[in-house]
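Please treat every number below as a calculation from the coordinates, not as lab data. Quick caveat: nothing in here was measured; it's all calculated off a predicted structure. Neighbour counts run over all protein chains shown; Cβ positions are idealised from the backbone, glycine included.
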Amino acid sequence: EAGVAQSPRYKIIEKRQSVAFWCNPISGHATLYWYQQILGQGPKLLIQFQNNGVVDDSQLPKDRFSAERLKGVDSTLKIQPAKLEDSAVYLCASSPGGPGSGELFFGEGSRLTVL
Amino acid sequence: DAKTTQPPSMDCAEGRAANLPCNHSTISGNEYVYWYRQIHSQGPQYIIHGLKNNETNEMASLIITEDRKSSTLILPHATLRDTAVYYCIVRVALIGANSKLTFGKGITLSVRP
């Protein structure tokens, strides 16, 4: 079974530029998550989708971050404009169950460096 | 969701059991204990979860105290590949509920040859 696919694996941009990350979850998984992991910290949930609807985006900095999952399958996370503090690994995860399921499958992440 | 407390790091010898403690003294009756681990440069990986009974799978065993205020993840025969950050998380797990999986800093396990 293929895992959660993410791209790009690495991205370096200058502050105030924009960047987009893509995630393809495990086939059939209805729930999709984006997490941000800053060096030395645990992952922090940014947004959670159930199919193509947003379940929780309370910790998403909406002035610069946006995410969509238009057809209920793959998803993109965009940052515009980027700030230095956005340097982190962006992890995508999917889950076969509903929002209550605690078993998440994570991708390898996209590492962003903002200069 | 209740918060957890884990020591920042520990080590063990290869081939020996690794016992990773977690304190969750404010856990509620409907909150499960989950363990994940994160190997360097990879995404977190689910290990095991439980409510109040001890659980075992092919990766590890989870021992939850009778009062549910603490738990221990046991890796019975640690290998070098088990070197990772281990996260203990408590969360409500009701079907249809929206409950975040909130990661702390975890405990760094170093397995030495």
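Each residue of region A:32-43 in order: what ³J(HN,Hα) in whole Hz does its phi give by Karplus 6.51 cos²θ - 1.76 cosθ + 1.60, θ = phi - 60°, with x for Gly and Pro?
For region A:32-43, the Karplus curve yields 10, 10, 10, 10, 10, 10, 7, 3, x, 10, x, x Hz.
Give me A:LEU32, B:LEU62, A:LEU84 ranked fewest to most by other Cβ atoms within 10 Å of their Cβ, as a rough exposure proxy.
With the sparsest Cβ surroundings first, the list reads A:LEU84, B:LEU62, A:LEU32.
Run the quick spin-label model on A:ALA5 and A:VAL54: label points 7 Å from Cα toward the beta carbon, then report their separation in nm to one decimal.
2.7 nm
Most mobile of A:GLY28, A:GLY72, A:GLY102 per a Gaussian network model of chain A (Cα springs, under 10 Å)?
Per the Cα network of chain A with a 10 Å cutoff, A:GLY102 tops the list.
Let me check I've understood the local charge: for B:ALA13, count other residues with C-beta under 14 angstrom from its C-beta, Lys and Arg +1, Asp and Glu -1. What total comes out?
-1
About the Cα centre of chain B, how large is the charge dipole given +1 on each Lys and Arg Cβ and -1 on each Asp and Glu Cβ? Please answer in debye to the nearest 20.
The dipole of chain B has a size of about 240 debye.
Quick one: which residues, 5 or more positions from B:SER70 or on another chain, have an amide H under 5 Å from its amide H? H modelled 1.01 Å from N in the peptide plane, none for Pro or chain starts.
Those qualifying (amide H under 5 Å, at least 5 residues apart or on another chain) are B:HIS24, B:THR65.
Run the quick spin-label model on B:THR79 and A:ILE38: label points 7 Å from Cα toward the beta carbon, then report their separation in nm to one decimal.
The modelled label-to-label distance comes out at 3.6 nm.
Go ahead and set up a Gaussian network model of chain B, Cα springs under 10 Å, then flag whichever of B:SER28, B:SER41, B:SER70 fluctuates most.
Maximum among the listed residues: B:SER41.
Take every Cα pair under 8 Å in region B:1-80 that's 6+ residues apart, average their separations, divide by the length, and report that relative contact order as a whole percent.
It comes to 34 percent, rounded to a whole number.
Taking square-rooted eigenvalues a ≥ b ≥ c of the alpha carbon gyration tensor, is region A:18-74 rounded, prolate or oblate, where a/c under 1.5 means rounded and, failing that, a/b exceeding b/c means prolate?
Note, shape of region A:18-74 comes out prolate.
Scan around A:ALA5 for amide H atoms under 5 Å from its own, H built in the peptide plane at 1.01 Å from N, and keep only partners 5 or more places away or cross-chain.
Here A:ASN24 satisfy the definition.
Output the pairs from A:LYS44/A:LYS71; A:LYS15/A:LYS71; A:LYS11/A:LYS78; B:LYS3/B:LYS69 with a Cα-Cα distance over 20 Å in this structure; if there are none, say none.
A:LYS44/A:LYS71; A:LYS15/A:LYS71
Rounded if a/c is under 1.5, else prolate if a/b is larger than b/c, else oblate: which is chain A, with a ≥ b ≥ c the root eigenvalues of its Cα gyration tensor?
Prolate, since a/c reaches 1.5 and a/b exceeds b/c.
Take every Cα pair under 8 Å in chain A that's 6+ residues apart, average their separations, divide by the length, and report that relative contact order as a whole percent.
37 percent
Using each residue's phi in region A:62-69, evaluate 6.51 cos²θ - 1.76 cosθ + 1.60 at θ = phi - 60° and report the 3J(HN,Hα) Karplus result to the nearest Hz, with x for Gly and Pro.
6, 6, 9, 9, 9, 8, 9, 9
Would you please state which residues of region B:1-39 a label at B:ASN57 would reach in this model, taking the label point 7 Å out along Cα→Cβ and a backbone N cut-off of under 12 Å?
Correct set: B:34-37.
Enumerate the calculated ³J(HN,Hα) couplings along region B:100-109 in order (Karplus 6.51 cos²θ - 1.76 cosθ + 1.60, θ = phi - 60°), each rounded to whole Hz, writing x wherever the residue is Gly or Pro.
5, 8, 9, 8, x, 7, x, 10, 8, 9
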